[in-house]
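Below is one structure, written out as C-alpha cells; the observations come after it.
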C-alpha cells in the first residue's frame, strides 16, 4: 500500500515540475503586458557602421521587432542598452537580449525578447553592439521628445525628420534602385522636392554622378544632361554640386571665358550669389565601411530653366549615372571636377528609364565593399620620427570614441605600416595624460583594467611628452611580432588604431645571413639565449626547398618548406638515414613561429627551434643539438613537390648542394666545409703526448730516479715538464686557430683549460720555493706549505688532463660522429691501465730501496731525502749547483714537493 502511494506521489511531483517548466518557458510575448510608455514606439536605426539600416518597433514591455534590417556581419554582436549615446555611457552599457546578430542581414524581419533583467525604463539608447571591438554599429534613441535626434558624428552632415516615426535618419528612403553592383540610388518624394541618396562602394577619391538626360536625346544621353556630382573633399567632408553636360570631356574654359564639357552650373554663369543655378542642397553625407553615401535635395521643377531639367514625377524619364575619379580644385578651377569615367557600360556608367513615383525596392542587403579601410596610411621610415600628438575626433574608425584621439604626423588615427626588423621611432608630444604604447589589444587603455590580457611590444606609462619636451620611443618589430597590432594610449581606451606589420627584407629581420653552396639558397639566422631563429630562401623557382644539418643528406636532420595544393605553407622536420623516400622519417621537433610563402615560385620558410631540442635521448631529434660555438654544416636541396603524408620517388630532389657550407653561428660568417678531423687529430695527439707521456714521465723521474748518481733525475724531470708544457700550449693555439675562437661551453674545453692552468701554475710555484733547511734544521711552515701545494697542484693537473683527454674523444664522437672514437677510447684506457701497472711496479721497487733508510723521516712525497736540491734548473753540473746552494735562492720546477 505504501509502495503504491509513493509511486503516485512521485508521479504527481513530476507532473507539477513539468507544469512549472512549461509556464516559465512559455512565450512571454503571449502574456507580456503593455504598460511601458514606449510600447508602440517606432524608429529607424541610425547607421554608424556595418551598413546598418532598418526599423525598430516596441511591441510590449518585454519584446520588440526589427524589420527591413540590413547589416554586415560582425564578430560578437548583441542588442545593447545604455542610458545615453555618449562614449562613456555606451561603453558601460549592458546586453539586453540573448539574441545574437553574427551574420549578414538582408532586408530581414524578426522579433526579439528582452532579457529578464532588462526593462524599457533602463534603456534610453538601444544599440547594435560588437563586444569584441566595443563598436556601435547603429542605434535608436528611445524618447518622446522630437528634438532629441542624435547629432551626426564623424564626417556626417545634416539630418531631418520624416514620416516614419519620431526620428527619420538620413540613410532611410522610400525607394531604392540598383544601378550597378557597386552603385545604388535611393529616393523619397516630398511634395515639390525629391530627396536623393547616392550610395556606392568606391574609394574616397571617386565621385558619384546621377541625374536626368535631355528628354530630346535619342542616343547620346549624356549630352545636355542635368546631373548632380557628389563625393568627399580631401578633408573628408561631403559635397554635392549641380552639373550640366555639354561635351564628353573634363570641364575646360576657353579663352573667351566660356565653359565646355562636364561643368558645374555656376561656371557657365560665372557666379551664383543667390543660389539660383546650383539647386542641389546637401542634406547629409558619410563614409562607412568603404561605402560613400550622399543625401541631397533638389526641386522637381527648378527656377533654373537653362541648366536644370524639370522632373515629371509621374512620367517615365531617362536617368544617367557614372562613377569615376575626381580632380581636386586648383586656382583656375575651384571645384572638384569629375574625370572621364572610363570602364564598361553598366559598370562605371549607364542610363535607364525611371518613374520616381513607382515603388521600387531592389536593394536587398547592404553594399559590401572589398576595401573597407578609409584611414590614412602612414609608412614608417627608419630615418624619420613619427610625431604623435592628439586632436579632435572627426573620422575615428571605431565609434564610439572619446572626443580626443591620437594623431600621427598630423593624420587622425591613421593606419601605421611598419616592417619587421626596421626600427620605428616615435616622438611622443601628446601630453602628460597620454602615454603611448604598442599592444595586442584592439581597444587599448590598459586591458588589465578590463580583466583581459594583452601583450605590450613597446611603450608604457613613461612614453609621454609634450611639444617642448618630447619623449622618444623606439620600437623594432621582429619576426615574432604579429601581422596586426595597435597603438593606443595607456590611460584612455580607443585613441589609436591599427599597425600593419609586414615582412621587410629577411636581412632586416635576421642578424646574419650567408649564401649556401652554389649560391642557390640563402641561409639566415638569429641566435638567442636558448634558441635560434632560422630562415631559408631559394634563389630559383621550385616546389619545395630543404636545408639539412650534416655533411650530406644521408644521416642529416632536414627542414623542408613547401606550399600545398590550396596555397598553404608548411615547414616540417625530418631525420634522413638513407637515399630513398622510405628513409625520410618525420620528427617531432619543437618548431615555433613557422612561416612559409611562395612569391613567383620562390619559396621562403622560417622557424624558431631550441638549441637543445629535448632531454630524452631515446628520440632521434633529441640528438639534433646546435652548439653555437661549433661550426654548423648546412646543405640544401630543391624539388618539385612535397607531401606531409606518403612520400615517394616523385618527392625526391632534382637539385642539391655539392658540398656542405660551414656556418660560424657566433661570428656570422661561413666558409666551404673542411674536414676538421685531421686538425683535431693533431690537436688530440699533441695533448696525448703531453698528458699521457711527457708530464707523467717527468713526475715518475722525480719519484723513481733519485737513486741515480748525479742530477740526471732532475734534468730528466725538468726537460720532460717543460716539453710537456710547451706542447700543451702549442696544441691549444693550434685548436683555437683552426676553430677560429675559444668558446668555453663544452665539458672538454672546461677540463682542458683547467688542466693547462694547473700545469702553468707549477713553474710559477717552483720559482717561489722557500729555501731548503740545512741538515738537522727543522722544516719551516712555509716550506712545508709549499711542498703540499706543489704536490697537490701537480697531481690535480694530471688527473684533470686525463679527464680532458677522455672528454675530447667523447666530444669528437658526439659532434662529428667519428666511427673510430670507441676504438680510441679503449686504446686510451688500455694505455693508462698499463701506465698504472708500471707505476705500481716502480712504487714497489722504490719501497724496497728505502726499506733500509733512516726511520722517522716522512715518506709521503716523491722525493729523495739524501739528495741535494738543484737551484740551476738547466745546470749540467750538480757540483756547481751544490757549491752555490748556500748563497742564492734556488728554483726547482717539478710537479711535487721535495721532502725535507
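Table for the structure above
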item	result
Residue selected from region 527-543 under the condition in contact with a helix residue (DSSP H, G or I) (Cβ under 8 Å, 6 or more places away or on another chain) and assigned to a strand (DSSP E or B), by the criterion surrounded by the fewest Cβ atoms within 10 Å (Cβ to Cβ)	537
Elements of type strands (runs of 3 or more DSSP E) contained in region 374-479, each with 3 or more residues being in contact with a helix residue (DSSP H, G or I) (Cβ under 8 Å, 6 or more places away or on another chain) and at pLDDT 95 or above	none
Single match in 79, 64, 69 (criterion: at pLDDT 95 or above, in contact with a strand residue (DSSP E or B) (Cβ under 9 Å, 6 or more places away or on another chain) and within 27 Å of residue 296 (Cα to Cα))	69
Listing of strands (runs of 3 or more DSSP E) fully contained in region 239-331 that carry 3 or more residues being modelled with pLDDT of 95 or more, in contact with a helix residue (DSSP H, G or I) (Cβ under 6 Å, 6 or more places away or on another chain) and farther than 30 Å from residue 52 by Cβ	none
Single residue of 681, 701, 690 found to be in a helix (DSSP H, G or I), in the same structural domain as residue 836 (by TED's automatic domain parsing) and surrounded by fewer than 15 Cβ atoms within 10 Å (Cβ to Cβ)	681
Criterion (at pLDDT 75 or above, assigned to a helix (DSSP H, G or I) and exposed (fewer than 11 other Cβ atoms within 10 Å of the Cβ)) met by exactly one of 764, 839, 793	764
Selection count where residues are crowded, with 20+ Cβ neighbours inside 10 Å and either touching a helix residue (DSSP H, G or I) at 6+ places or on another chain (Cβ under 8 Å) or not in a strand (DSSP E or B) (or both), scope region 510-525	3
Residue that is nearest to residue 509 (Cα to Cα) [pool: residues in region 573-590 that are surrounded by fewer than 18 Cβ atoms within 10 Å (Cβ to Cβ) and out of contact with any helix residue (DSSP H, G or I) (no Cβ under 8 Å at 6 or more places or on another chain)]	590
Extreme residue, farthest from residue 299 (Cα to Cα), among residues of region 153-201 that are at pLDDT below 85 and assigned to a strand (DSSP E or B)	168
Some residue of region 609-629 being part of a strand (DSSP E or B) and surrounded by 20 or more Cβ atoms within 10 Å (Cβ to Cβ)	yes
Residue in region 710-728 that is assigned by TED's automatic domain parsing to the domain that holds residue 837, closer than 30 Å to residue 669 by Cβ and not in a helix (DSSP H, G or I) present	no
Whichever residue in region 121-151 is loosely packed, with under 13 Cβ neighbours inside 10 Å and more than 26 Å from residue 450 (Cβ to Cβ) and, among such residues, is modelled with the highest pLDDT	121
Restricting region 222-237 to residues that are crowded, with 19+ Cβ neighbours inside 10 Å and more than 21 Å from residue 176 (Cα to Cα), the residue that is nearest to the chain's Cα centre (by Cα)	232
Boolean, residue 546 is under 30 Å from residue 454 (Cβ atoms), in contact (Cβ under 8 Å) with a residue 40 or more places away in the chain, crowded, with 20+ Cβ neighbours inside 10 Å and not assigned by TED's automatic domain parsing to the domain that holds residue 398	no
Candidates 662, 674, filtered to the one that is modelled with pLDDT under 90 and surrounded by 15 or more Cβ atoms within 10 Å (Cβ to Cβ)	662
Yes/no for residue 381 being touching a strand residue (DSSP E or B) at 6+ places or on another chain (Cβ under 8 Å) and either surrounded by 14 or more Cβ atoms within 10 Å (Cβ to Cβ) or free of Cβ contacts under 8 Å to residues at least 24 places away in the same chain (or both)	no
Subset of region 557-570 [farther than 15 Å from residue 624 by Cβ and surrounded by 15 or more Cβ atoms within 10 Å (Cβ to Cβ)]	561, 562, 563, 569, 570
Qualifying residue in region 732-742 (condition: touching a helix residue (DSSP H, G or I) at 6+ places or on another chain (Cβ under 7 Å) and at pLDDT 80 or above)	yes
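One line per residue, one yes/no per condition, for (1) over 30 Å from residue 501 (Cβ atoms); (2) out of contact with any strand residue (DSSP E or B) (no Cβ under 7 Å at 6 or more places or on another chain):
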| site | (1), (2) |
| --- | --- |
| 285 | yes, no |
| 303 | yes, yes |
| 309 | yes, no |
| 318 | yes, no |
| 335 | yes, no |
| 348 | yes, no |
| 356 | yes, no |
| 363 | yes, no |
| 387 | no, no |
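The values are calculated or read from the model by the stated rules, or taken from the named source; none is laboratory data. Bear in mind the structure is a predicted one, so any value in this text is a computation, not a measurement. Ideal geometry is used to build each Cβ from the backbone, glycine not excepted, and the neighbour counts take in all protein chains shown.
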